[in-house]
Amino acid sequence: MKIANARVIVCSPGRNFVTLKLETADGLYGLGDATLNGRELAVASYLTEHVVPLLIGRDARRIEDIWQFFYKGAYWRRGPVTMSAIAAVDTALWDLKGKALNVPVYQLLGGASREAVRVYGHASGESIEDTLAAVGRYRDRGYTAIRAQCAVPGMAKTYGIGRTDAYEPAERGALVESVWDTSRYLAIVPVLFERLRREFGPDVQLLHDVHHRLTPIEAARLGHALEPYHLFWMEDPTPAENQESFRLIRQHTSTPLAVGEVFNSIHDCRLLIQEQLIDYIRTTVVHAGGISHLRKIASLAELHSVRTGSHGATDLSPVCMAAALHFDLSVHNFGIQEYMPHSTDTDRVFPHAYTFAEGMMHPGDAPGLGVDIDESLAVTFPYERAYLPVARLTDGTMHDW
Ligand code: GCO
Ligand code: MG
């Protein structure tokens, strides 16, 4: 099982993806997602220039050792570029091991802890009425957990509001700048959830993403205001570099909290987990060092009654989605998985075994991850520069988007 070849494939079937393909001397191959939205080529270059040359000739069966080699061996620690590159290697090695042993990856991770994985979808609208209608459409498609975001009156563009039901975060072409007004946002969100509960009753699980835009005391106020509507979670209430700031939010509200899609290491969430300042940890395979590292985060979380709720937006490729589903099916303290279906072109480039039915997903039983890449189709979709939008306050000050 020596690694004979390693290649980085960059393609853009509707949006940009970076994929690592590892080939062994005995003719097997494994895939890993290395997509970092808006910074794709940095990870591609890190892999091509610094990782691939060190991979050739290594024993592909030694997943943990290779992980430690790239983590400790770089000397420089952590960061989204490094950890996405390590994640791609790790994911591809799990894929390879599953194929070599002819079992789906979740069997290597301890087997299934559940029959299928509950996912949540993204409903959004320009108004409260539109958002209610979008939630209804998700419910009709079988979703039992739905994230709801609605535009803030007077603000031209708000995070999370899709042109269609599907929300696509990155924009090709010119970088988009939006304006942010906290008071208007804080005024509308409780009204939205009051309406949603009234309309859809107690059974549907409702989620909301604050997307890092509040201060701790503002987040505390919002969480408190949302308590009567029993959210499944309030996500990323503030930027979480300062883990201690969650003590303040926690003291003021019993609305469950989810954090971690931008984290890339267990050290980013250690205090949040150990002090039980959050309820769900949202680190994902591609941005947090792969399946191996995510399992360590999940094990720490399990000790402190924190469940997983991995990021699953469309900027995570089907390779990452497949890996996430194997992880979700196996870990005991799974909570929920985010799911935004990819475009038809993306699904054609990455044929996969995972399936969705009645709000639940399953990774399938194909050996390895159960996802492939059609390279001849991928080359017909070359990379296109795209960036995430940025936000400024009404006086022009840069703010979190
Ligand atoms: C989510 C996220 C995304 C991110 C996007 C950035 O909860 O799904 O917040 O919408 O903004 O993945 O690339
Ligand atoms: Mg989010």
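Applying D = kT/(6 pi eta Rh) to segment 244-315, where Rh is the Kirkwood radius over alpha-carbon pairs, T corresponds to 4 °C and eta to 1.567 mPa s, the Stokes-Einstein value obtained is 107 µm²/s. The residues of segment 143-245 have, on average, 41 Å² of accessible surface per residue, using a 1.4 Å probe with all protein chains present.
Using Cβ point charges alone (K and R +1, D and E -1), the dipole size of the chain about the Cα centre works out to roughly 620 debye. Remark: relative contact order (segment 3-103) = 33 percent; criterion is Cα-Cα distance under 8 angstrom and separation of 6 or more residues. Ranked by the mean number of other Cβ atoms within 10 Å per residue, highest first, peptides 10-22, 312-324 order as 312-324, 10-22.
Give me the Å³ per residue figure for the convex hull around the C-alpha atoms of segment 307-401. Please list the in-between numbers first.
On the way: hull volume 13.6 nm³, N = 95.
So the per-residue Cα hull volume is 143 Å³.
Under a Cβ-Cβ cut-off of 14 Å, what is the net charge of the residues other than residue 153 that fall near it, where Lys and Arg count +1 and Asp and Glu count -1? Result for the local shell: -2.
Available extension along the chain between residue 130 and residue 49 is 24.4 nm, counting 0.36 nm per residue and deducting the alpha carbon span.
Residues 138, 339, sorted by accessible area with the largest first, give 339, 138 [1.4 Å probe; ligands and nucleic acids excluded].
Judged by the mean number of other Cβ atoms found within 10 Å, the most tightly packed of the peptides 212-222, 342-352 leads the ranking 212-222, 342-352.
Using alpha carbons only, how many degrees (0 to 90, rounded to 10) separate the axis of helix 128-140 from the longest principal axis of the chain? Value to nearest ten degrees: 40. Over the C-alpha trace of segment 3-103, radius of gyration and Dmax come out as 12.9, 36 angstrom. Could you work out how far helix 216-226 tilts from the main Cα principal axis of the chain, as a 0 to 90 degree angle to the nearest 10? For 216-226 against the chain, the angle is about 70 degrees. Projected over every direction and averaged, the convex hull enclosing the alpha-carbon atoms of segment 336-377 yields 3.6 nm². Note that segment 108-366, at 20 °C in a medium of 1.002 mPa s, gets a Stokes-Einstein diffusion coefficient of 115 µm²/s from its Kirkwood radius over C-alpha pairs. Relative to the longest principal axis of the Cα atoms of the chain, the long axis of helix 318-330 lies at roughly 80 degrees. The fraction of accessible area contributed by carbon and sulfur in the chain is 52 percent, rounded to a whole number (1.4 Å probe; ligands and nucleic acids excluded).
Each residue of segment 301-310 was assigned a 3J(HN,Hα) from its phi angle through the Karplus curve 6.51 cos²θ - 1.76 cosθ + 1.60 (θ = phi - 60°); the sequence is 4, 4, 4, 10, 6, 9, 9, 8, x, 4 Hz, with glycine and proline shown as x. Each Cα pair under 8 Å and six or more residues apart adds its sequence gap; the mean of these over the residue count of the chain is a relative contact order of 23 percent.
For segment 105-218, the Stokes-Einstein estimate of translational diffusion at 37 °C and a viscosity of 0.692 mPa s comes to 207 µm²/s, using the Kirkwood hydrodynamic radius over alpha-carbon pairs.
Restricting the calculation to alpha carbons of segment 351-401 gives Rg and Dmax of 19.6, 55 angstrom. Within the same chain, lysines fewer than 8 places from residue 97 are excluded, and of the rest, those with a Cα less than 21 Å from its Cα are 2, 21, 296.
Taking the Cα centre of segment 3-103 as origin, sum charge times position over the Cβ atoms of Lys and Arg (+1) and Asp and Glu (-1), and report the length of that vector in debye to the nearest 20. The calculation lands at about 180 debye. Comparing Cα centroids, segment 172-240 and segment 49-98 end up 37 angstrom apart.
Phi angles across segment 248-257 convert, under the Karplus curve 6.51 cos²θ - 1.76 cosθ + 1.60 with θ = phi - 60°, into 3J(HN,Hα) values of 5, 4, 4, 5, 9, 8, 9, 5, x, 10 Hz, Gly and Pro given as x.
The values are calculated or read from the model by the stated rules, or taken from the named source; none is laboratory data. This one's a predicted model, so the numbers in the text were calculated from it and none came from an experiment. Counting neighbours? That spans all protein chains shown, and the Cβs are built from the backbone with ideal geometry, glycine included. Accessible surface is based on the protein model in full, side chains and every heavy atom, while ligands, DNA and RNA are left aside. Shrake-Rupley method; radii C 1.70, N 1.55, O 1.52, S 1.80 Å.
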